[in-house]
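Participant: Below you will find the structure I want to go over with you.
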Amino acid sequence: MAEAGTGFLEQLKSCIVWSWTYLWTLWFFIMLFLVYILRVPLKINDNLTTVSMFLNTLTPKFYVALTGTSSLISGLILIFEWWYFRKYGTSFIEQVSVSHLRPLLGGVDNSAPSSAGVASGDADSSRQSVSECKVWRNPLNLFRGAEYNRYTWVTGREPLTYYDMNLSAQDHQTFFTCDTDHLRPADAIMQKAWRERNPQARISAAHEALELNECATAYILLAEEEATTIVEAEKLFKQALKAGEGCYRRSQQLQHHGAQYEAQHRRDTNVLVYIKRRLAMCARKLGRTREAVKMMRDLMKEFPLLSMFNIHENLLEALLELQAYADVQAVLAKYDDISLPKSATICYTAALLKARAVSDKFSPEAASRRGLSTAEMNAVEAIHRAVEFNPHVPKYLLEMKSLILPPEHILKRGDSEAIAYAFFHLQHWKRVEGALNLLHCTWEGTFRMIPYPLEKGHLFYPYPICTETADRELLPSFHEVSVYPKKELPFFILFTAGLCSFTAMLALLTHQFPELMGVFAKAFLSTLFAPLNFVMEKVESILPSSLWHQLTRI
């Protein structure tokens, strides 16, 4: 019985919504017709005459005050709308209309999904949002003590945000700690050190741990944060390597004895891979590029399943420095696969290799006359693919926007990833003759291929909407974050801006030329009501006078 009553109410509601949606124009004309018929009993003509006499007695100062007040109110609404849009990315009036007025007007689907469906939909949307906004460890992140801190000493600016450093602290706790650390005094101290916010307290804890034992993670912390040069950092990492290899061999023999030993071996593996990778990066920064390439290749062969560090991106950058383009192509053939996650390094390196084949002889004038050759078309398509993946990179490569130090974490397809890529790869693009010229001539054509308003991507998934918020958390405040796609101003901001300007202009003109504006106002009103007067005359001529007289007496 209750279900039948609920179904009847739903049908009644749907009928009302349908009638309001499709018959409101008929209701509007019926109401106008009734008002016209009852104009004599309601004394509408007399009231209009009284209102017109009252308006004629008003002085121009009243109209100046009226238009000025309207301009002030619309200006205040404009300021509030602009502030709300800058802070929340949407219009307040539009949001209120969508949230509160649309349900009243029947804008929501009548068929409500089940609670299970709603729950699963919310879970799917939350998972999608998390996957879109996933923050990755920067494979080429700099050293805090030898690079980031030196920048702070010279400029007085902090290149890293608290959010970025907090993510690094979580990474260190994940990679360098395990549940059995409390059984070893040095590891127990380092477990607390990775959670410490104060850098000096972390460094002091590392020294305290080294007094107890040769602790690999303590050497890692000192190399990352206390060493002021890359040479000092390399020495500390070599000491960490000696201690880390011993722990790795011991835990490797015991890994099958239980879950605790397996977790300890996994921790020791992460520590060893991290040390070797940073030693390879030290060799690369000190000019020993071939040695760095060999260390990276050996590391990838020894631990092929540890893809979390993205060592292949370090290898690509080192091979580009050696101009070993055949080896770069071989690495891309393995990692530029449809089943593997993409990155700006993968996409733009592939574009650079294809551009290298044609860029030295490319001329936009000649290409416009004869058309693009097959090789040039492949290069342009590769550039379009790279730009669609991350549209922020070209402005940094073309030096249209200044670079800053890359953060320790990046957001793929975001401004942070573009900075990290351009910081290390700009020199490789400059080394290839004509590559930047080809990029300059073709990169903007990508946006004509992407559907608007980005309901679907062209070669990749639609561009995530959360990149701006995440990049603002990762990048320092003195950097102007690159935003894509550019948010268009909502309609109500444009409307209130136009209304404010129009009423302000009316107030000024009425104040300066009161008589002339009065003539214009009367002419405008007479023109506005001319169609209505014409319709009324036609209605009076069509309807019989007797019928009209009887209707007006109702």
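The values are calculated or read from the model by the stated rules, or taken from the named source; none is laboratory data. Being a predicted model, the structure only gives us computed values, none of them experimental. We place every Cβ from the backbone using ideal geometry, glycine too, and count neighbours over all the protein chains shown. All accessible areas refer to the heavy atoms of the entire protein, side chains included, with ligands and DNA or RNA removed. Shrake-Rupley method; radii C 1.70, N 1.55, O 1.52, S 1.80 Å.
Participant: Go through the stretch 284-300 and count every residue that is surrounded by fewer than 21 Cβ atoms within 10 Å (Cβ to Cβ) and of a type outside the set (Lys, Arg). Show your work before the answer.
Facilitator: Residues of the stretch 284-300 surrounded by fewer than 21 Cβ atoms within 10 Å (Cβ to Cβ): 285-291, 294, 297-298, 300.
With the extra rule that they be of a type outside the set (Lys, Arg), the set shrinks to 286-287, 289, 291, 298, 300.
Result for the stretch 284-300: 6.
Participant: Among all residue pairs at least 6 apart or on different chains, which show Cβ distances below 6 Å where the first residue, located in the stretch 397-411, is under 8 Å from residue 138 (Cα atoms) and the second is aromatic (Phe, Trp, Tyr)?
Facilitator: As it stands, the answer is 410/136, since those pairs meet every condition given.
Participant: Further question on the same structure: Quickly run through the stretch 285-316 and pick out the residues that are over 28 Å from residue 228 (Cβ atoms) and among the charged types (D, E, K, R). Talk me through it step by step, then tell me what you get.
Facilitator: Residues of the stretch 285-316 that are over 28 Å from residue 228 (Cβ atoms), as a first pass: 297-298, 300-308, 312, 316.
Hits for the stretch 285-316 are 297, 298, 301, 302.
Participant: Continuing with this model, one more query. Quick one: in the stretch 349-392, of everything that is assigned to a helix (DSSP H, G or I) and of a type in the set (Val, Ile, Thr), which residue is surrounded by the fewest Cβ atoms within 10 Å (Cβ to Cβ)? Give the derivation first.
Facilitator: Within the stretch 349-392, the subset assigned to a helix (DSSP H, G or I) is 349-356, 359-361, 364-370, 374-389.
Going one step further and asking which of them are of a type in the set (Val, Ile, Thr), we end up with 349, 374, 380, 383, 387.
Working: 349: 28, 374: 8, 380: 24, 383: 26, 387: 24.
The qualifying residue surrounded by the fewest Cβ atoms within 10 Å (Cβ to Cβ) is 374.
Participant: Having 1 or more residues that are hydrophobic (A, V, I, L, M, F, W, C), modelled with pLDDT under 70 and over 30 Å from residue 157 (Cα atoms) is the bar; report the helices (runs of 4 or more DSSP H) wholly within the stretch 457-546 that clear it.
Facilitator: Because the criterion is at least 1 residues that are hydrophobic (A, V, I, L, M, F, W, C), modelled with pLDDT under 70 and over 30 Å from residue 157 (Cα atoms), the helices (runs of 4 or more DSSP H) in the stretch 457-546 that meet it are 491-512, 514-542.
Participant: Still on this structure, I have one more. With respect to residue 417, is the statement that it is more than 27 Å from residue 461 (Cβ to Cβ) and either surrounded by fewer than 20 Cβ atoms within 10 Å (Cβ to Cβ) or at pLDDT 90 or above (or both) true?
Facilitator: Against the criterion (more than 27 Å from residue 461 (Cβ to Cβ) and either surrounded by fewer than 20 Cβ atoms within 10 Å (Cβ to Cβ) or at pLDDT 90 or above (or both)), residue 417 does not qualify.
Participant: Checking residue 400 against (1) in contact with a helix residue (DSSP H, G or I) (Cβ under 6 Å, 6 or more places away or on another chain); (2) part of a loop (DSSP other than H, G, I, E, B); (3) open to solvent by 30 Å² or more (accessible area, probe 1.4 Å): exactly one of these is not met. Which one?
Facilitator: Tallying (1) in contact with a helix residue (DSSP H, G or I) (Cβ under 6 Å, 6 or more places away or on another chain); (2) part of a loop (DSSP other than H, G, I, E, B); (3) open to solvent by 30 Å² or more (accessible area, probe 1.4 Å), residue 400 fails exactly one: (1).
Participant: Right, something else. Kindly check whether there is at least one residue in the stretch 271-281 that is hydroxyl-bearing (Ser, Thr, Tyr), touching a residue at least 60 places away in the same chain (Cβ under 8 Å) and either assigned to a helix (DSSP H, G or I) or surrounded by 23 or more Cβ atoms within 10 Å (Cβ to Cβ) (or both). Even if it seems obvious, please write down each step before you answer.
Facilitator: Step one: of the stretch 271-281, the residues hydroxyl-bearing (Ser, Thr, Tyr) are 274.
Still in the running and touching a residue at least 60 places away in the same chain (Cβ under 8 Å): 274.
Adding the requirement that they be either assigned to a helix (DSSP H, G or I) or surrounded by 23 or more Cβ atoms within 10 Å (Cβ to Cβ) (or both) leaves 274.
Yes, the stretch 271-281 has at least one match.
Participant: Being out of contact with any Lys or Arg (no Cβ under 8 Å at 6 or more places or on another chain), over 23 Å from residue 278 (Cα atoms) and not in a helix (DSSP H, G or I) is the filter; apply it to the stretch 130-157 and report the residue that is least open to solvent (accessible area, probe 1.4 Å).
Facilitator: In this case the residue turns out to be 133.
Participant: Which one of 305, 340, 316 is in a helix (DSSP H, G or I) and either open to solvent by 20 Å² or more (accessible area, probe 1.4 Å) or of a type in the set (A, V, I, L, M, F, W, C) (or both)? Break it down stepwise before answering.
Facilitator: Values: 305 fails: in a helix (DSSP H, G or I); 340 fails: in a helix (DSSP H, G or I).
So the residue among 305, 340, 316 that is in a helix (DSSP H, G or I) and either open to solvent by 20 Å² or more (accessible area, probe 1.4 Å) or of a type in the set (A, V, I, L, M, F, W, C) (or both) is 316.
Participant: When both residues are 6+ apart or on different chains and their Cβ atoms are under 7 Å apart, which pairs have a first residue that lies in the stretch 514-533 and is of a type in the set (Gly, Ala, Ser), and a second that is open to solvent by 100 Å² or more (accessible area, probe 1.4 Å)?
Facilitator: none
Participant: Right, something else. What number of residues within the stretch 319-337 are part of a loop (DSSP other than H, G, I, E, B) and open to solvent by less than 70 Å² (accessible area, probe 1.4 Å)? Even if it seems obvious, please write down each step before you answer.
Facilitator: Narrowing the stretch 319-337 to residues part of a loop (DSSP other than H, G, I, E, B): 322-324, 336-337.
Next, from what is left, pick out any that are open to solvent by less than 70 Å² (accessible area, probe 1.4 Å): 322, 324, 336-337.
Total meeting the criteria: 4.
Participant: Another one. Has the stretch 215-230 got at least one residue that is without any contact (Cβ under 8 Å) to a residue 24 or more places away in the chain and among the hydroxyl-bearing types (Ser, Thr, Tyr)?
Facilitator: Within the stretch 215-230, the subset without any contact (Cβ under 8 Å) to a residue 24 or more places away in the chain is 222.
The next check asks that each one be among the hydroxyl-bearing types (Ser, Thr, Tyr); those that pass are none.
Looking for residues that are without any contact (Cβ under 8 Å) to a residue 24 or more places away in the chain and among the hydroxyl-bearing types (Ser, Thr, Tyr), one finds none in the stretch 215-230, hence no.
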